[in-house]
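Just below is one structure, and these are the notes that go with it.
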Amino acid sequence: TGGEALRFVLLGTLLIQYRAVAVDTTADGDSESSSTPTGWATLAAATPVARMCIRILAALALALFLLHKLVVLAASLPAPRAPPEGRLLRRFYTADLWCIARHVAELLAAVVLLGARCACGELPVAYFAPVAIAALSPIVQLLLWYPVSSCLKEAALFLAFLFCAPPLALLEIGRLVWRHRFRLVNPLDGPVHVILSLVASVLCLACRSRWPVTMLFAGHSVILVLGLLERACIRKLVWRPGHAWWCALLIAVEATSLACERRWVTLLLLLVALRSLQRAAARPRVQPLFQGPLWWCTLLVVAEAISLALRELRGSAANEAMVAGQPPWRPPPGELAAVVWLVLVCSLTCSVNWGRCMRHYRGWQRRHATFVLCVPGFRSAAAAAVGTLGGEPAGEAEGGLFVEEV
């Protein structure tokens with residue numbers, strides 16, 4: 001996970017700096033300092049020599065990073081395949097499908113992000129063209145290995161999946177709502193909180209202002225506080241534990257990330273989603289909607305992508321708060337309400353499902369624990385037999401104790 005986080009940070013930093021030095025076309029550096037006033041761009045705006053050096057370093061760093069991806073894909077695709085004959089390519093060969101998918105995803109992310117900047121006019125075409133041409137090499141390699149008809153069939157199936165997935169997901173959600181329609185009005189059950197978490201996520205994406213979702217956070221927090229008080233003090237109501245509570249918690253995590261708009265939170269959630277997808281790929285199975293990690297990873301990626309696109313178009317709420325005169329060290333009310341709301345959702349979810357949590361913990365403890373019986377001053381017949389043969393029993397090194405694993 002640490003290596004994946006480092007690769008994410010490195011790729012993001014290189015892409016940002018590559019775009020920053022690409023748009024630095026003026027001699028005085030005014031345009032660059034007005035667009036990105038911090039980081040390497042400030043150093044590049046100091047003198048023409050420093051500007052040229054940073055431009056070359058950023059381009060070389062991104063070129064080496066992407067070149068490593070291309071060499072690994074050239075040596076490993078199509079998967080599975082035998083290792084290449086060349087000694088140099090064999091160093092970059094990998095048979096791990098997950099590793100190959102990660103390299104493809106990082107290369108695709110670089111092309112998509114730089115392409116979006118180029119389409120918006122923020123990146124010259126001359127800087128985007130080499131990256132786009134280099135990204136075509138894995139596609140050409142696959143076309144050489146597989147028939148064109150097979151590649152077109154796979155592409156058609158993928159596009160059909162993209163077009164059919166949203167209506168099918170809405171149909172499945174409607175079916176679930178109709179099946180559990182009586183549970184949607186029960187605050188002691190999880191589906192109500194799932195709906196409220198989804199509404200919070202939609203408000204974060206749809207509304208430029210954070211006040212509507214802040215009011216939702218405040219109202220729902222009052223209900224959550226009352227629920228925690230009932231669980232801790234009164235204990236008269238019948239709460240219904242279940243999987244829906246954990247779905248509400250996962251959606252609440254994403255809603256909090258959208259409300260806070262912190263890059264490190266987004267990076268952390270993407271790493272968790274990447275690890276969940278890796279485990280799901282290692283043990284593939286059919287997963288119904290809202291069960292398993294696939295639905296949450298899909299929701300996270302789609303919501304974060306829409307949030308980044310909207311943030312580029314209409315600006316960030318944090319920047320608006322700074323323009324309004326709020327100190328940068330003071331969190332906006334929307335972020336504070338979102339964090340408190342997430343803590344309350346997590347607390348009530350764990351409180352309602354405490355019995356299930358303890359059962360899962362005991363099951364994990366039984367699978368990973370080792371029970372050892374230590375009887376002082378006692379030697380078994382097997383240990384005595386080993387001692388007569390000249391060997392030393394396992395427990396004799398500890399003052400004559402016999403240790404037996406059960």
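Derivation of every value follows stated rules applied to the coordinates shown; laboratory data play no part. Not measured: the values here are computed from a predicted model. Here the Cβ is made from the backbone with ideal geometry for all residues, glycine too, and neighbour counts use every protein chain on show.
Taking Cα atoms of the range 186-272, Rg/Rh with Kirkwood Rh, to two decimals?
On the way: Rg = 14.3 Å, Rh = 14.0 Å.
A ratio of 1.02.
Test of the criteria: in the range 175-279, which GluC sites (Glu not before Pro) are in a DSSP loop and have at most 16 other Cβ atoms within 10 angstrom of their Cβ?
Details: sites: Glu230, Glu254, Glu261; in loops: Glu261.
Here no loop site has a sparse enough neighbourhood.
Using 0.36 nm per residue, how much length does the chain from Ala82 to Arg275 gain when fully extended, once their Cα-Cα distance is taken away?
Values: separation 193, 0.36 × 193 = 69.48 nm, distance 2.70 nm.
Between Ala82 and Arg275, full extension yields 66.8 nm more.
Regarding the range 71-203, what's the average projected area of the Cα-atom convex hull, expressed in nm²? Intermediate results must be reported in sequence, preceding the final value.
Numbers: hull surface 53.0 nm².
Computed as one quarter of the Cα hull surface, the answer is 13.2 nm².
Each residue of the range 266-277 in order: what ³J(HN,Hα) in whole Hz does its phi give by Karplus 6.51 cos²θ - 1.76 cosθ + 1.60, θ = phi - 60°, with x for Gly and Pro?
4, 4, 5, 5, 5, 5, 5, 5, 5, 5, 5, 5
Please give the peptides 357-368, 104-115 ranked by average Cβ packing (other Cβ atoms within 10 Å per residue), highest first, as a rough proxy for protection. Could you put the intermediate results ahead of the total?
Numbers: 357-368: 9.9, 104-115: 16.9.
Listed from highest to lowest mean packing, they are 104-115, 357-368.
Output the relative contact order of the range 89-199, whole-number percent, from Cα pairs under 8 angstrom with separation of 6+ residues. Can you show the working numbers first?
Values: 23 pairs, mean separation 11.4, N = 111.
This gives 10 percent for the range 89-199.
Which order do the peptides 185-194, 160-169, 121-130 come out in when sorted by mean C-beta neighbours inside 10 angstrom, highest first? Show your work: numbers first, answer last.
Values: 185-194: 18.4, 160-169: 10.5, 121-130: 13.9.
Output ranking for 185-194, 160-169, 121-130: 185-194, 121-130, 160-169.
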